[in-house]
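Read the figures in this text as sums done on the coordinates, not as results from a lab. Only a predicted model underlies this, so the values are computations on that prediction, with no experimental measurement involved. As a convention, Cβ positions derive from the backbone with ideal geometry for all residues, glycine included, and neighbour counts pool all protein chains shown.
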Amino acid sequence: MHTFGMVGVGRIFRAYRDGTLEDDDEVAVVHAPAELGFRPLSDAMVNIRETLRRARRHRIIGQAAHDALIGLGKRMFFKDRTFERILASTDSHLRAEVTRLRRWLPTNAIDVKKADARALIRTLNGLKGPTPRPRFVSSRHWDALVSELARRPKRLHGDSCIQAVESQS
C-alpha cells in the first residue's frame with residue numbers, strides 16, 4: 001500500500017516492502033477470545049525467524065539447526081505454529097541444540113510485531129497538527145471492483161458497503 005501513499009512503520013513493513021517477506025502467514029497468529037485477553041495461541045513466523053537468528057548469533061544453535069527449525073516452522077499451518085511444536089518436531093541429532101534453545105527462549109525470544117506496534121504508537125504520538133486525510137488513488141482494479149459490485153444484487157447488509165464503494169468512484 002505504500003505505493004498508494006501509506007506511510008509504513010517498522011521492520012515488518014520494510015521487509016514486505018523490500019520483498020524479503022511475501023507470505024501473509026509470516027505475521028498471522030491465532031488468538032484466544034476476549035474473555036481470555038486475546039492472548040496469542042500461536043507464534044508469528046516473523047518472531048520465530050528473528051529469535052532463531054539471534055540464537056544463531058549467540059551460538060545457542062548452529063546454522064543447520066537454524067535452517068531446520070525455520071523449515072519446520074514454515075511448513076506448519078500458522079494456527080498450529082508455536083516454538084514448542086517446532087522444537088518437539090526436530091530430529092534427535094539436534095537434541096543438544098534444542099535443549100540449549102529451550103533454556104534460552106524464555107528470556108530471549110523476540111517479538112517483532114510488538115516492537116513494530118510500539119514504533120507505530122511512537123510515530124503517531126509524534127505527529128504534529130491535524131491528521132492528514134488519506135488520499136484515494138483509483139486504479140483499474142478498483143474500477144473493476146466497483147463495476148462488479150454494481151452488477152450484484154444489493155443485499156440489506158451490503159447496501160452501505162456498495163454505497164461507500166460507489167461514492168469513491
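Once every DSSP H run of n ≥ 4 in the chain is given -39500 (n - 2.57) and the sum is divided by its residues, what mean residue ellipticity at 222 nm do you get, rounded to the nearest 500 deg cm²/dmol?
The helix contribution divided over the chain gives -16000 deg cm²/dmol.
Could you tell me the convex hull volume per residue, in Å³, taken over the Cα atoms of region 1-73?
In region 1-73, the Cα convex hull volume per residue is 130 Å³.
Just in region 82-141: which chymotrypsin sites (Phe, Trp or Tyr not before Pro) are loop by DSSP and have at most 16 other Cβ atoms within 10 Å?
Answer by residue number: Phe136.
Taking only pairs that are 8 or more places apart or on different chains, how many Lys pairs in region 1-140 have Cα atoms under 23 angstrom apart?
Lysine pairs satisfying the spacing and distance rule in region 1-140 number 4.
How far is helix 112-125 tilted off the main Cα axis of the chain, in degrees rounded to 10, range 0 to 90?
Approximately 40 degrees, to the nearest ten.
Treating the angle as unsigned and between 0 and 90°, give the value, to the nearest 10°, between the Cα long axis of helix 140-151 and the longest Cα principal axis of the chain.
Around 60 degrees separate the two axes.
Quick check on the chain: take the gyration tensor over C-alpha atoms, sort the square-rooted eigenvalues as a ≥ b ≥ c, and tell me if it's rounded (a/c under 1.5), prolate or oblate.
Cα axes put the chain in the prolate bin.
Expressed as a whole number of Å, what is the distance separating the alpha-carbon centroids of region 60-90 and region 98-115?
Each part's Cα centre sits 13 Å from the other's.
Can you list which of the trypsin sites (Lys or Arg not before Pro) found in region 62-131 are DSSP loop residues with at most 14 other C-beta atoms within 10 Å?
Passing sites in region 62-131 are Lys128.
Just rank Val146, Val137, Val30, fewest to most, by other beta-carbon atoms within 10 angstrom.
Fewest-to-most ranking of Val146, Val137, Val30: Val137, Val30, Val146.
Could you tell me how many degrees, from 0 to 90 and to the nearest 10, lie between the Cα long axis of helix 45-57 and the main elongation axis, the longest principal axis, of the Cα atoms of the chain?
30
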